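Chemist: The structure follows.
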Amino acid sequence: MNMAFEMARMTVGQTGKNPAVGAVIVKEGKVIGMGAHLGYGKPHAERQALTSCNENPQGSDIYVTLEPCSHYGKTPPCTEAIIEAGISRVFYASKDLNPKVSGHQVLMDAGVHVDHTPDVAIDRFYAPFFRHLGSGRPNVTLKCAISLDGNLALDDGTSTWITGEAARSDVHQERHLHDAILIGGGTLVHDDPKLTARIDGGGDSPVPVVLLGHQELSAGQLILSHPKRPIIYTANEANLKHSENCDVRVGEWTLDVILDDLYAKGISSLFVEGGATVLTSFIKQQLYDRILIYVAPKIFGESRHALYREQISSMEEVVQFELIDVEKLGSDLKLTYGKA
Ligand code: AOF
Ligand code: ZN
């Protein structure tokens, strides 16, 4: 199961709305096949593992991180493949809360020995999958880098190199793990960001999403050479001239509707990189699952660039998060929060 879990972990960020799943087939104490679900619409982990078998899987055991599926989706049911292959015993870690899936029962009915062996770490691993499956919206991670005194920039707006190397590579790792990355028009114009994931060995860049409002996208912007086709939400029809390179969505957009729209396009996880106006809207509307705050050991002094752009005049209005994790990255801190 550990091997299966390792494969599932390696494929996070590349399966879209589907869960990352790993499977290992063992016969007479020997690993004879292994596989992972490598992409949305692609064969499931169990079928990948069966395809890779170097001997007849008849009478073998399969270890899967998630309950095998029993429905016709984009692929036929894994239960069928398991039964046809003559596998004797199925061990799975997390129950699939997808209402279409009842692999446990189907396998048992076919006379296969099925063992649900729950594992806290694997259940935690699937929590984001079950969350977006239930909500019908992408999981949202907000990210910002701040000074010790809580500012996103110096008073003159300078914000480059707030955090160090380790924190910056961690951000690229996070980008790699998300399906899409969202910024506001201000950040686009001010920073002209690439929005790619640059990690050792490459990285799978998230789909860039820009909330452009009434602003106009200019032809020289780096985002236009992004490996994935950008999605632009705008109220300005002039942006339709970029339709060849971007998915230009003209209308009066609210964040809820944008999240529904992104989910319909297959985005299951969204990384929001700012700026402050965008972050504030997501926080104010409670549209987030996690907030990552990278804190640099620097004082920016008095500045108009606070993380949250709303006046708070009483303790009742204070925004409260729940601390999930603290990590030291070089001389910076990575604070992970959830909703309180
Ligand atoms: C598994 N193994 O590797 C995956 C499973 O549309 P489909 O056919 O790809 O089915 C997607 C659903 O199947 C997904 O929502 C989840 O419940 C299950 N995914 N199941 O046994 C896998 N990826
Ligand atoms: Zn399946």
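Chemist: Out of the residues in the stretch 60-90 that are assigned to a loop (DSSP other than H, G, I, E, B), within 11 Å of ligand 1 (Cβ to nearest atom) and small (G, A, S), which is modelled with the lowest pLDDT?
Modeler: Selected residue: G73.
Chemist: Check off (1) away from ligand 2 (no atom under 13 Å from the Cβ); (2) farther than 20 Å from M7 by Cβ; (3) surrounded by 14 or more Cβ atoms within 10 Å (Cβ to Cβ) for L107 and give me the number that stays unchecked.
Modeler: Status for L107: all satisfied but (1).
Chemist: List the residue pairs whose Cβ atoms are under 8 Å apart, where the first residue sits in the stretch 255-278 and is within 11 Å of A180 (Cα to Cα), the second is open to solvent by 20 Å² or more (accessible area, probe 1.4 Å) and assigned to a strand (DSSP E or B), and the two are 6 or more positions apart or on different chains.
Modeler: Sorted first by the residue in the stretch 255-278, then by its partner, the pairs are I267/V207; F271/K143; V272/K143; E273/K143.
Chemist: Another one. Among the residues of the stretch 173-187, which ones are in contact (Cβ under 8 Å) with a residue 60 or more places away in the chain, assigned to a helix (DSSP H, G or I) and over 14 Å from the mean Cα position of the chain (by Cα)?
Modeler: Once the filter is applied, which keeps residues that are in contact (Cβ under 8 Å) with a residue 60 or more places away in the chain, assigned to a helix (DSSP H, G or I) and over 14 Å from the mean Cα position of the chain (by Cα), the stretch 173-187 yields G186, T187.
Conditions tested, residue by residue: (1) open to solvent by 50 Å² or more (accessible area, probe 1.4 Å); (2) touching a Lys or Arg at 6+ places or on another chain (Cβ under 9 Å).
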| site | (1), (2) |
| --- | --- |
| P230 | no, no |
| L240 | yes, no |
| R249 | yes, no |
| L259 | no, yes |
| A264 | yes, no |
| S268 | no, yes |
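Chemist: Now for a separate question. Is it the case that some residue within the stretch 139-156 is out of contact with any Cys (no Cβ under 8 Å at 6 or more places or on another chain), in a helix (DSSP H, G or I) and open to solvent by less than 30 Å² (accessible area, probe 1.4 Å)?
Modeler: The answer is no, given that none of the residues of the stretch 139-156 is out of contact with any Cys (no Cβ under 8 Å at 6 or more places or on another chain), in a helix (DSSP H, G or I) and open to solvent by less than 30 Å² (accessible area, probe 1.4 Å).
Chemist: Another one. So L195 ticks every box in (1) modelled with pLDDT of 95 or more; (2) at negative phi; (3) crowded, with 19+ Cβ neighbours inside 10 Å but one. Which box is left unticked?
Modeler: It is condition (2) that L195 fails.
Chemist: Which one is farthest from the chain's Cα centre (by Cα), of the residues in the stretch 188-214 that are touching a residue at least 40 places away in the same chain (Cβ under 8 Å) and farther than 19 Å from R249 by Cα?
Modeler: H190
Chemist: Oh, and also: For the stretch 91-102, check the following and say yes or no: at least one residue is within 22 Å of A127 (Cα to Cα), crowded, with 16+ Cβ neighbours inside 10 Å, at pLDDT 95 or above and within 9 Å of ligand 1 (Cβ to nearest atom).
Modeler: yes
Chemist: Restrict the check to the stretch 286-307 and report whether at least one residue is in contact with a helix residue (DSSP H, G or I) (Cβ under 6 Å, 6 or more places away or on another chain), surrounded by 12 or more Cβ atoms within 10 Å (Cβ to Cβ), part of a loop (DSSP other than H, G, I, E, B) and among the hydroxyl-bearing types (S, T, Y).
Modeler: There is at least one residue in the stretch 286-307 that is in contact with a helix residue (DSSP H, G or I) (Cβ under 6 Å, 6 or more places away or on another chain), surrounded by 12 or more Cβ atoms within 10 Å (Cβ to Cβ), part of a loop (DSSP other than H, G, I, E, B) and among the hydroxyl-bearing types (S, T, Y).
Chemist: Within the stretch 61-84, restricting attention to residues that are surrounded by fewer than 23 Cβ atoms within 10 Å (Cβ to Cβ) and polar (S, T, N, Q), which residue is farthest from ligand 2 (Cβ to nearest atom)?
Modeler: S70
Chemist: Tell me which of these P118 doesn't satisfy, since it passes every other one: (1) more than 15 Å from ligand 1 (Cβ to nearest atom); (2) loosely packed, with under 15 Cβ neighbours inside 10 Å; (3) farther than 23 Å from R9 by Cβ.
Modeler: (3)
Chemist: Just checking, does the stretch 308-324 include any residue being open to solvent by 80 Å² or more (accessible area, probe 1.4 Å), of a type in the set (D, E, K, R) and either assigned to a strand (DSSP E or B) or modelled with pLDDT of 95 or more (or both)?
Modeler: Among the residues of the stretch 308-324, at least one is open to solvent by 80 Å² or more (accessible area, probe 1.4 Å), of a type in the set (D, E, K, R) and either assigned to a strand (DSSP E or B) or modelled with pLDDT of 95 or more (or both), which makes the answer yes.
Chemist: Can you spot a residue in the stretch 28-38 that is open to solvent by less than 60 Å² (accessible area, probe 1.4 Å), near ligand 1 (Cβ under 8 Å from one of its atoms) and either in contact (Cβ under 8 Å) with a residue 40 or more places away in the chain or under 21 Å from F125 (Cα atoms) (or both)?
Modeler: For the stretch 28-38, residues open to solvent by less than 60 Å² (accessible area, probe 1.4 Å), near ligand 1 (Cβ under 8 Å from one of its atoms) and either in contact (Cβ under 8 Å) with a residue 40 or more places away in the chain or under 21 Å from F125 (Cα atoms) (or both): present.
The values are calculated or read from the model by the stated rules, or taken from the named source; none is laboratory data. Here the structure is a predicted model, which is why all the values come from computation and not from measurement. Cβ sites come from the backbone with ideal geometry, for glycine too, and all protein chains shown count toward neighbours. Remember, those area values only see protein heavy atoms, side chains included, never the ligands or the DNA or RNA. Shrake-Rupley method; radii C 1.70, N 1.55, O 1.52, S 1.80 Å.
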